[in-house]
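No value in this document is a laboratory result; all are computed from the given coordinates. Predicted model only: the values in this text are computed from it and were never measured. Note that we place each Cβ from the backbone using ideal geometry, even for glycine, and neighbour counts take in every protein chain shown.
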Amino acid sequence: MRAGLGDGSVTRAGVGMLRLTEWPEGPLDEYAMWAAWFDGAAAVSHQSAAELHGIGRLRPRFLHLSVGAGRPPVTPRLVVLRRPLIGSDLESAGAFLVTTPVRTVLDLAEADIGQAALDEVVGDAVAIRRCAGSEIRSASGRLPPRAAARVHRALTGL
């Protein structure tokens, strides 16, 4: 593909990302670019994952990534959280990984978003069947007490 850079059939679309010249830009290209930067050892998480899943209306100003390895770039656009990436907490979104809806809820409960926003995320996740309330309740048992209590409050309001 790099050979195409010289003949114009391929263009640079971002850091670590090439695109066929005729290929249209897509709304998820930035996610794919950062997944390439971290050699696949990253997953879209927190507010950004909630946006991708269509749960809540958080409108993140930054792109949130959980990263298992790699050197983060110097850019104000990213919020990079270093942590192990556990396969059961991830799902494929094509060219990149995203945390599951349940993992996203747990992350947001620990991240201290407002309770009303967490209530909305949990309500949406259950209403559109991205996960069941019982799955969230069971998984919240692994959280610190304060975050688990926040999840419990969100589930009680359903």
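What's the extension gain from residue 152 to residue 23 if we count 0.36 nm per residue and subtract their Cα-Cα distance?
Computed gain between residue 152 and residue 23 is 41.9 nm.
Rank 76, 154, 141 by how far each Cα sits towards the positive end of the charge dipole of region 58-158 (+1 on Lys, Arg Cβ; -1 on Asp, Glu Cβ) and give me just the farthest.
76
Can you tell me the dipole magnitude for region 40-95 around its Cα centre, using point charges on the Cβ only (Lys, Arg +1; Asp, Glu -1), in Debye to the nearest 20?
300 debye
Evaluate E = 1/(1 + (r/R0)^6) for residue 138 and residue 57, where r is the Cβ-Cβ distance and R0 equals 25 Å; express this FRET efficiency to the nearest 0.05.
Plugging the Cβ-Cβ distance into 1/(1 + (r/R0)^6) gives 0.45.
Any idea what the dipole of region 4-156 comes to, in debye rounded to 20, about its Cα centre with Lys/Arg Cβ at +1 and Asp/Glu Cβ at -1?
540 debye
So what is the relative contact order for the chain, in percent, with contacts set as C-alpha pairs under 8 Å and at least six apart?
18 percent
Can you give the longest run of the chain that contains no trypsin sites (Lys or Arg not before Pro) sitting in a DSSP loop with at most 12 other Cβ atoms inside 10 Å?
With a cap of 12 other Cβ atoms within 10 Å, the longest stretch comes to 3-56.
Pull out a ≥ b ≥ c, the square roots of the eigenvalues of the alpha-carbon gyration tensor of region 5-93, then state rounded if a/c is under 1.5, prolate if not and a/b is larger than b/c, and oblate in the remaining case.
Prolate, because a/c is 1.5 or more and a/b exceeds b/c.
When a/c is below 1.5 the answer is rounded, else prolate if a/b is larger than b/c, else oblate, so apply that to region 41-94 with a ≥ b ≥ c taken from the square roots of the Cα gyration tensor eigenvalues.
Oblate, since a/c reaches 1.5 and b/c is not below a/b.
Using just the C-alpha positions of region 4-156 as equal point scatterers, what log10 of I(q)/I(0) does the Debye formula give at each q in 0.11, 0.12, 0.13 1/Å?
Values returned for q = 0.11, 0.12, 0.13 Å⁻¹ are -0.46, -0.53, -0.61.
If I model a spin label as a point 7 Å beyond the Cα along the Cα-Cβ vector, how far apart are those points for residue 74 and residue 129 in nm?
5.0 nm
What whole-number distance in Å separates the alpha-carbon centres of region 120-136 and region 24-79?
Centre-to-centre (Cα) distance: 22 Å.
Work out the charge dipole of the chain with +1 on the Cβ of Lys and Arg and -1 on the Cβ of Asp and Glu about the Cα centre, then indicate which of 46, 98, 18 is farthest towards its positive end.
46
In whole Hz, with x marking every Gly and Pro, tabulate ³J(HN,Hα) for region 116-125 from phi via Karplus 6.51 cos²θ - 1.76 cosθ + 1.60, θ = phi - 60°.
Each residue's phi maps through the Karplus curve to give 4, 5, 5, 4, 5, 4, 5, x, 5, 4 Hz.
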